[in-house]
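Visitor: Pasting a structure below so you can have a look.
Nothing in this text is a laboratory measurement; each read-out follows from the coordinates by a stated rule. Just so it is clear, the structure is predicted and the values come from calculations on it, not from any experiment. Quick reminder, even Gly has a Cβ in these numbers, built from the backbone with ideal geometry, and neighbours come from all protein chains shown.
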Amino acid sequence: MKEKIQSLFRKVQEKLYQKPESNPEKNLKFKISQGVLTGCHLMPYEREVTVPPEVHTIGSSAFYKWQNVEKIILPEGVRTIRPSAFENCRKLKSVRLPESIVSIGASAFSGCNALEEIILPPKLTVLSQEMFKDCTALKKVIFPEQIPKLEWGVFVNCISLEEVCLPVHASIPDYFFQNCRSLKSVAIPYVSERIGTGAFQNCESLKNIVIPSRIRTISEMAFLNCTSLTGIQIPENVQTIGHEAFKNTGLEYVVIPSTITETGREIFAGCEHLERVIFSGEIKEIYQRMFENCISLKQICIPEGTERISSYAFSGCKALTDITFPESLISVSYTAFTLCHALQSLHWHNLDFSVKSLCSMQALSAPYETIPNISTAFLSLRRSDILHDEKVITIYQYLFWQYLQSPEKKQLTEYIHENLDYMFCSLIAVKDQNLIQKLLEQEMLFTKQKIQKFILFANEEQAYEIQMLLSEYQHKVFAPESIADTIKNKFEL
């Protein structure tokens, strides 16, 4: 009796789980409502699915996380695949998309780790956001000639994708190929006008890319960490380059076009192989950290029209030996050239300053009006231990000497009174005790409040001899006044 029960149980099991030899659709239970397939029940052994011909729409999450399906055949007549329809079908290797499809929703094939190739139908009107995100085996995508709408992040983390010829479209959307680490070549359509934020971020194998002449905007992080990208031509139509656009790339040479009107910070920061930069036109400002840690950069010629060099613009450029500044320059951040230990020559207004050799007062024959207000650059260099020779003069030192020799010059006197705080602090920073002593002999140059401020600054800079000198001046000039004020205040009370 026991043996008969066991035999019957085995027959029931075999009947339930046997794999059919033909017509697998009979083993599927599709959920279809008015032509929309909303779901189905698959047996564990099902590997191939053929969707019934009456279906015109694959509903949202219809096949979500069906782990064993390897092949899906969609009938002609399907027009829409809704969001997440095949998301996380991790064994899906093949999908036949009929020519009738016009729309595929967001994340439709996201997480299909085994999908290696996809042919997109010719009538497709949109590539939706994150459509093929995390398709880590995807190597080849065949596009139709034109797709009217491309959304962001379509191929994020497609780490096996190697080559792409994009359809005709006006822009490359944000994060379109982000983290496509095997991507070597991309053909951008000639009509494109914008490369989106992070479009090629972390595409570390990307070697060849041609930016079309119609491109106007290269957005922030567009080519961030494209370490194999050694050369790129930025076309003349480009007007805007965003933050970190080419940061940490393998660029060796770059020409910045004259059409640039706006740039962001850290554009070329960390480009360790960048040896040469040419500005073909005017640029108002060298933004923060624009060339920071470009350790192979040896020379830079700032173009005429540049007014400001911002903080850490060239910080860490260890091979930089020669800088040429324009007449238009107004200000330089005191951190602009920190850690530029190889710097040898600075050129301003036909004046050459040797950083590591003595620049005597007699060598500066030009009038002070021709020297721009860029003394903070010298202060930056000294703080990075380049100006180790205490006899090397700064522009501020030069202006003070001009003032001592010709105090009747009204314009110079006004300039020094307006900028005394910065100028005198620079003297303290370079510990020019001799010049400070001479300036303290001038009447009407210092107030009690300014002297107190300079004493505190000298203490911060560990310029203790200068601090003592200023304290003695304070006691000598302002102490009697302080006593008189104290007596007066007590009398009034």
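Visitor: Can you give me the distance in nm between label points at Glu461 and Asp421, each placed 7 Å from the Cα along the Cα-to-Cβ direction?
Guide: For the pair Glu461/Asp421, the computed spacing is 1.6 nm.
Visitor: Return the whole-Å distance between the Cα centroid of segment 208-287 and the Cα centroid of segment 68-131.
Guide: So the separation of the two Cα centres works out to 36 Å.
Visitor: Among Met131, Met468, Met444, which comes first, second and so on when ranked by fewest other beta-carbon atoms within 10 Å? Numbers along the way, then the final one.
Guide: Details: Met131 25, Met468 12, Met444 7.
Going from sparsest to densest Cβ surroundings: Met444, Met468, Met131.
Visitor: In addition: For a quick check: with amide H placed at 1.01 Å from N, whose amide H comes under 5 Å from Thr50's, ignoring anything fewer than 5 positions away on the same chain?
Guide: For Thr50, the qualifying residues are Ile73.
Visitor: Follow-up question, since we're still on this one. For Tyr415, Tyr287, what ranking results if the residue with the fewest other Cβ atoms within 10 Å of its Cβ goes first?
Guide: Fewest-to-most ranking of Tyr415, Tyr287: Tyr415, Tyr287.
Visitor: Under 5 Å between amide H atoms, partner at least 5 residues away or on a different chain: which partners does Gly270 have, H built in plane at 1.01 Å?
Guide: Asn248, Glu292, Asn293, Cys294
Visitor: To two decimal places, what compactness ratio does segment 18-161 give when its Cα radius of gyration is scaled by 2.2 N^0.38 Å?
Guide: So the Cα radius of gyration is 0.99 times the expected 2.2 N^0.38 Å.
Visitor: Then there is this: Where the eigenvalues come from the Cα gyration tensor of segment 111-238, what are the semi-axes √(5λ) of the equivalent ellipsoid, largest first, in whole Å?
Guide: 21, 18, 12
Visitor: For a quick check: sort Ser213, Ser345 by the number of other beta carbons within 10 angstrom, fewest at the front.
Guide: Fewest to most other Cβ atoms nearby, the residues stand as Ser213, Ser345.
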